[in-house]
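Just so it is clear, none of the values below were taken in a lab; they were calculated from the coordinates. Everything quoted here is computed from the prediction, not taken from an experiment. Positions of Cβ are backbone-derived with ideal geometry, glycine not excepted, and every protein chain shown enters the neighbour counts.
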Amino acid sequence: MEINYELTEKDFTESFLIHRNRRPATKWIRRIVISSMVLVCLFFFVGSLLAHNTRTLMPMFALLILWVLIFSGLPYRLTARRQFRKQPGAKGPRTLTLDAGGVHWRWNGGSSDVEWKNYIRFVEGANQILFYTSPACFNIVPKRALVPAQLSKLREMLEQNIRSEA
């Protein structure tokens with residue numbers, strides 16, 4: 001199977017978020033922490049309104065906004081954007097070939113041939129599929145580059161050759 005595509009900044013950004021959320025516990029802990037912070041701030045806000053003292057809330061709301069930005073993934077988005085923009089190999093056309101021997105990547109400026117045994121897992125997100133060769137190193141395949149029949153065949157090949165985590 002051969003897939004031709006070009007990565008975009010959005011692919012990079014979404015793949016970093018998929019990587020961060022690959023474990024359900026991580027996703028739910030983050031949601032619980034953000035919800036707890038909002039509830040605590042609401043509690044103090046209502047208390048301050050009842051005491052007619054709203055000036056003391058400004059630092060708390062600034063801190064809440066900072067924490068929500070951090071926990072919502074802003075650092076991941078900024079890191080992904082910076083990496084995409086400063087990595088020449090991320091831009092330009094790519095060709096991915098999958099066969100019984102493994103995965104063959106070709107891009108402007110390089111190539112890579114990786115046997116199936118070297119992949120430790122794959123994670124499928126809404127718009128991308130990530131191929132992992134280590135716990136933190138992955139390659140991105142955008143689903144928009146695939147027709148439905150290719151996507152089904154790709155999933156089948158991945159299930160046969162790599163352990164899934166999604």
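Here are some notes:
- The stretch between Val38 and Arg155 holds 38.2 nm of extra length on full extension. This uses 0.36 nm per residue minus the Cα-Cα distance.
- Legend: residue pairs Lys91/Lys143; Lys10/Lys117; Lys86/Lys153, Cα-Cα distance threshold 26 Å; pairs beyond threshold, Lys10/Lys117; Lys86/Lys153.
- Ordering of 79-89, 118-128 by burial proxy (mean other Cβ atoms within 10 Å per residue, highest first): 118-128, 79-89
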